[in-house]
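Only one structure is covered here, and it is reproduced in the block below.
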Amino acid sequence: CPNQRLCAAGAAPDPAEAAELRARLRSVKHTVLVLSGKGGVGKSTFSALLARGLAARDDTQVALLDIDICGPSVPRMMGLEGEQVHQSGSGWSPVYVEENLGVMSVGFLLSSPDDAVIWRGPKKNGLIKQFLRDVDWGEVDYLIIDTPPGTSDEHLSIVQYLSAAHVDGAVIITTPQEVSLQDVRKEINFCRKVKLPIIGVVENMSGFICPKCKNESQIFPPTTGGAEKMCQNLNISLLGKVPLDPQIGKSCDKGQSFLAEVPESPATLSYRSIIQRIQEYCELQHSQEEKII
Amino acid sequence: MKMLGFSHTVLVLSGKGGVGKSTFSALLARGLAARDDTQVALLDIDICGPSVPRMMGLEGEQVHQSGSGWSPVYVEENLGVMSVGFLLSSPDDAVIWRGPKKNGLIKQFLRDVDWGEVDYLIIDTPPGTSDEHLSIVQYLSAAHVDGAVIITTPQEVSLQDVRKEINFCRKVKLPIIGVVENMSGFICPKCKNESQIFPPTTGGAEKMCQNLNISLLGKVPLDPQIGKSCDKGQSFLAEVPESPATLSYRSIIQSKSENHCVTRPLERQNHQ
């Protein structure tokens, strides 16, 4: 790979750090990364809903980690704007939405949500490492990690820091148009290079049904066959297609769960089905590993 | 330094991804280049997700080197483009670089590309307030930058990131030309009912601009033809001249060039 020499100059943890990370992450059963090469396709929205969906069962302990340092959307979406992080002897305490759903984001470290975090790569990497090493998540069934768009510092770092732990895989989010798919193919490329398994692809903003006349419009037309065609070509699972619903944006802005607020929406049904497929994938991997052991 | 050949420089920014920065940059460049006597340069500094080549119908093009530097790829005689996309063997190749290497390429784009005499340099950026943004501001500190156009969509989750970007501009003393609100409503082609697909729950860009005393350059509605034209590398303004979105874009491009860039029409003559 022509990038090897160039991208290797990074923040790989030294053995002592790796041991620390391994110890902290030992109590995490499943880790899912939510990625996209493209911005604004619904990664944070999906991460928040995936976390909420999994935490609907009281006996499932869920952690949602937001490593988008410049544009942390998760606090707002989870209704936790203005919350601050507390420190204790055992580390930083996540902010809890429910007893079984804890969240961490740089958003909780800012004095004001409008404060810009104007950091270069190394400083961002340092905070991401702290998030993994210093946050006291406790026993966690699912760690969901929301990422910024791209294939740069945050992505290389999270993969390197998690190499000490087991990662079930990545869910890749896209929208139907080619300009998105182009960036998403790069992200898939990235996953393959760093040997990160791909659980599958979610196509958001997949059509809009006019509330008045029920006519369906393709607002972001799939000029090259959308995620479906791309997944066929690359032999990757298409986990589902989610239509546009103005209630999604509204719920995110208000920090509410879209799944709970609008249970009958076709988008809710799509999301629920996708969440189930991810759960099945993770549990299948787990039971296969147990057989091997 | 070659950069002094630019009369006007405009940065297209947003804290938020997927709001239409590249779409707007491409249309701004095309709009300005509609006049044959205006020389336009479009520089794409989104290293991980370079959308500009596709949108300008230049996918697959490669950069040529000559004695005077790298040659931009020309869409028209008066519209040249540069992007990392032109340096890849395949458009699917991921550019998996950390900050320092991205900064290095951005510097090369400014220093080694032979743009020639240019009236407008439009710079498309990735979302965020990180390496690329700090670097472009630093590298341009020797030149005059007219300012930044900031793109958003109506919902609070976007505006939150955009306020950070505005914050960034103020910190680095980058003038803000104004804000463009994209995806501002959708008119059903069948029944003409308007839906707010990304509802402005906190008043949209309009309210934010009032609060922050910044100019709202315009609001652009959703139009499926925008996405289609971008995918096909065509100019939406030329393909769908009657769309309300086209009229919005044209008005924004015009107001920008009239109000903010007309103050320096003599610069190019001074450098000749």
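Values in this text are rule-based calculations from the coordinates and carry no lab data. Please read these numbers as outputs of a predicted model, since none were measured by experiment. Virtual Cβ from ideal backbone geometry, glycine too; neighbours counted across all protein chains shown.
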| note | Taking r as the C-beta separation of A:Lys212 and B:Ser215 and R0 as 45 Å, the FRET efficiency to the nearest 0.05 is 0.85
| Taking B:Lys171 as the anchor, which aspartates and glutamates have their alpha carbon closer than 12 Å to its alpha carbon, excluding any fewer than eight residues away along the same chain? | A:Asp115
| note | Expressed as a whole-number percentage, the relative contact order of region B:1-156 with C-alpha contacts under 8 angstrom and at least six residues apart is 44
| message | Restricting things to Cα coordinates, could you compute the convex hull volume per residue of chain B in Å³? | response | 127
| remark: From fewest to most C-beta neighbours within 10 Å, the residues A:Arg133, B:Arg163, B:Arg30 line up as A:Arg133, B:Arg163, B:Arg30
| query | Among the lysines, which fall within straight-line cross-link reach of A:Lys212, defined as a Cα-Cα distance under 26 Å, with same-chain neighbours fewer than 8 residues apart omitted? | reply | A:Lys241, A:Lys250, A:Lys254, B:Lys190, B:Lys192, B:Lys219, B:Lys228
| task | Compute the distance in nm between two label points, each set 7 Å from the Cα along the Cα-to-Cβ direction, one at A:Arg22 and one at B:Ala34. | result | 6.3
| message | Give the average, rounded to an integer, of partner chain Cβ atoms located within 10 angstrom of each Cβ in A:243-254. | response | 5
| task | May I ask you to compute the full-extension gain from B:Val63 to B:His144, defined as 0.36 nm times their residue separation minus their alpha-carbon distance, rounded to one decimal in nm? | result | 26.5 nm
| note | Beyond 21 Å, the calculated P(r) of region A:72-188 holds a percent of Cα-Cα pairs equal to 46
| remark: Dividing the mean separation of Cα pairs under 8 Å (6+ apart) by the residue count of chain A yields a relative contact order in percent of 23
| query | Considering every residue in A:135-145, what mean count of other chain Cβ atoms within 10 Å of its Cβ is obtained? | reply | 0
| Under a point-charge model restricted to the Cβ atoms of Lys and Arg (+1) and Asp and Glu (-1), what is the dipole moment magnitude of the protein assembly as shown relative to its Cα centre, in debye to the nearest 20? | 400
| task | Among B:Gly218, B:Gly128, B:Gly104, determine the one that fluctuates most according to a GNM of chain B built with springs between C-alpha atoms less than 10 Å apart. | result | B:Gly104
| message | Given the DSSP H assignment, sum -39500 (n - 2.57) over each helix run of at least 4 residues in chain B and divide by its residue total; what's the result at 222 nm in deg cm²/dmol, nearest 500? | response | -10500 deg cm²/dmol
| field | q = 0.15 Å⁻¹: log10 I(q)/I(0) that the Debye formula gives for region B:130-272, counting C-alpha atoms only | value | -0.91
| message | How shielded is B:15-25 by partner chains, expressed as the average number of their Cβ atoms within 10 Å of its Cβ atoms? | response | 4
| request: Would you mind working out the magnitude of the charge dipole of region A:4-292 relative to its Cα centre, with +1 at each Lys and Arg C-beta and -1 at each Asp and Glu C-beta, to the nearest 20 Debye? | output: 920
| remark: At the level of C-alpha centres, the distance separating region B:54-68 and region A:29-56, in angstrom, is 36
| said: Quick check: convex hull of the Cα atoms in region A:1-138, volume per residue, rounded to a whole Å³? | reply: 140
| query | Among the DSSP beta bridges whose two residues both lie in chain B, what percent are antiparallel, rounded to the nearest 5? | reply | 20
| note | region B:162-196 and region A:273-293 have their Cα centres apart by a whole-number Å value of 42
| field | Under 19 Å from the Cα of A:Lys229 - aspartates and glutamates, other chains or at least 8 residues apart | value | A:Glu178, A:Asp183, A:Glu187, A:Glu203, B:Asp92, B:Asp93, B:Asp231
| Cβ charges +1 (Lys, Arg) and -1 (Asp, Glu), total dipole of region B:104-183, debye | 440
| query | What does the highest-first list of B:11-22, B:62-73 look like by mean Cβ count within 10 Å? | reply | B:11-22, B:62-73
